[in-house]
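What follows is one structure encoded as structure tokens, with my remarks underneath.
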Amino acid sequence: MFEQFQYLNDQLYIEDVSINKISDEVGTPCYIYSYKSLKDRFEGYVDAFRELEPLICYSAKASSNIAILKAFSNLGAGFDIVSIGELKRVLKAGGDPQKVVFSGVGKTDIEIEEAINSNILFFNVESEEELHKINEIAIRLDKKAPIAIRVNPDISPDTHPYISTGFKESKFGIELSKAIEVYKDAAKMQGINICAIDAHIGSQIFDLSSFSDSIAKLVDLANKLIIQGLKIEYIDIGGGLGIKYEDKDNPPPKSEYAKIFEKHLKDKPFKLVLEPGRSLMGNSGIMTTKVLYRKEGSEKKFVIVDAAMNDLIRPSFYNSFHKIIPVNRTTAKDEVVDIVGPICESGDFLAKKRLFPKVEPGEILAVFSAGAYGFAMASNYNTRPRAAEVLVKDDKFYVIKSRETFEDLVRGEQIPDFL
Ligand code: LLP
């Protein structure tokens, strides 16, 4: 089982709170996060990296509820953001803008302006045009915008193609071979203050050699830039460390991950920036769902539940595996089932051909590893309100986002006069 989740008297608990209790009071589907788990995982990074003392910028896109952001901010985290919406969330949660790095290939003028005005630590610039745009806006504001160039180190880690970002054909970053020229151009720009180098090669990566290749290339580039007389204070290596979804998964420990960077950065004048998302939140949260019906076709058995692809899209989108167990421990015999949601799409499933104990309508299931890219990727497809979110600490739980109502869903919609 994942840390902070265990059966007690045959009922699943998160920390010291029964998931049945949360389900009774808050309903299903519901995202439930463990404070202790996210804290332990964050402190795990701090401890593993104690030699380098990096700035750990939690990647807000993984789970961006302001309570979660506040929790990380209190622990000393900075933030990796990709939109002005995420910056506003960070600021609302009391995050320090001087610990914010802003990535993303399509930053708009307004986003750039607000980020400059908020005094973020640096922009991760993804194209030459964006660099010129940031320069222009900074000059207009009579400021200097701190930047890193996001380089594309041409590394293809072994992960799902949708979440691999550092290979040559990807839309992210600027090719390494062009980077020095772009940095030299940037150095001449009045509104630009070069301070860092950045890369992010992808997500859910187990193979440490990909990170090792990436940091080696970044350090080499940093050295070359320094020889050119540029100032490089930070090396931002992005996020991407993988987590356990299936029992057979064996992600590398943080200590091994940290060693790679120590090897390349010890006694070097660069401060490391990390942007972890999934490895902090993924296994700190579950989604609960209730069994509505069972259905037996001639070919297949289905368990129909009240959560759907709009609530957790990862199985449909990436064919990803999420461990699912009944919240009340059962000795019922296993059968092979598809666990599916109510949405009108055949691609709406949480699990396919899964060996699962026979469950009856009304039973609650826990879907694991849903703390990152779970609620954050939820939608209102089929006019389904998004789930509630709950944070547990010790023996108490707190609703950190109420379930949406129909009024929330139609807010801003209007019927024109001619209808
Ligand atoms: N930094 C940048 C620039 C990123 O694009 C990402 C994730 C991260 C950091 C955090 O990476 P992590 O430590 O979480 O691997 N929706 C997909 C994952 C998309 C990741 C996008 N970028 C999923 O559900 O698997």
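For the reader, a short list of remarks on this structure follows.
- Given charges at Cβ of Lys, Arg, Asp, Glu: the chain dipole, positive-most of Ile22, Ser298, His264: His264
- Computed over the chain, relative contact order equals 19 percent, with contacts defined as Cα pairs under 8 Å that lie 6+ residues apart.
- Of the residues Val46, Thr405, Phe368, the one whose Cα sits farthest toward the positive end of the charge dipole of the chain, with +1 on the Cβ of Lys and Arg and -1 on the Cβ of Asp and Glu, is Val46.
- In the context of the full set of protein chains, residues of the chain present 45 Å² of accessible surface per residue (probe radius 1.4 Å, heavy atoms only).
- Counted over the stretch 1-113, the DSSP beta bridges are approximately 50% antiparallel.
- Bridgeable aspartates and glutamates around Lys184 (alpha carbons under 20 Å apart, same-chain partners fewer than 8 residues away excluded): Glu126, Glu128, Glu129, Glu130, Glu136, Glu175, Asp198, Asp220, Glu233, Asp236.
- Set of lysines near Lys188 by C-alpha distance (under 19 Å), chain-local residues within fewer than 8 positions excluded: Lys133, Lys143, Lys144, Lys178, Lys224, Lys231
- Given charges at beta-carbon only (K, R positive; D, E negative), |dipole| of the chain in Debye: 360 debye
- Computed per residue of the chain from DSSP H runs no shorter than four, each worth -39500 (n - 2.57), the mean residue ellipticity at 222 nm is -8500 deg cm²/dmol.
- Shape category assigned to the stretch 35-279 from the gyration tensor of Cα positions, a/c cut at 1.5: oblate
- Taking every DSSP beta bridge that has both ends in the chain, the antiparallel portion is near 50%.
- Cross-link reach is defined here as a Cα-Cα straight distance under 17 Å, omitting same-chain residues fewer than 8 places apart; for Lys401 the aspartates and glutamates meeting it are Asp24, Glu25, Glu86, Asp311, Glu389.
- Whole-percent carbon and sulfur share, accessible surface of the stretch 109-219, 1.4 Å: 47 percent
- Across the accessible surface of the stretch 24-75, with the other protein chains kept in place and a 1.4 Å probe, carbon and sulfur atoms take up 42 percent.
- Heavy-atom accessible area ranking, 1.4 Å probe, most first, across Leu176, Leu274, Leu355: Leu355, Leu176, Leu274
- Counting protein heavy atoms only, the stretch 240-388 has 50 percent of its accessible area on carbon and sulfur, 1.4 angstrom probe.
- Prolate/oblate/rounded label for the stretch 13-119 (Cα gyration tensor, a/c 1.5): oblate
- Pairs of Lys in the stretch 5-114 closer than 28 Å at Cα, counting only those 8 or more apart or on different chains: 26
- Rg to Rh, two decimals, where the chain supplies the alpha carbon set and Rh follows Kirkwood: 1.00
- Computed with a 1.4 Å probe on the full set of protein chains, the accessible area for Glu404 sits at about 20 Å².
- DSSP finds beta bridges in the stretch 35-279, and of those with both partners inside it, around 5 percent are antiparallel.
The values are calculated or read from the model by the stated rules, or taken from the named source; none is laboratory data. Keep in mind that this is a model prediction, so the values were computed, not measured. All Cβ positions, glycine included, derive from the backbone under ideal geometry; neighbour counts span all protein chains shown. Each accessible area value is taken on the protein alone, full model and side chains, heavy atoms only, with ligands, DNA and RNA left out. Shrake-Rupley method; radii C 1.70, N 1.55, O 1.52, S 1.80 Å.
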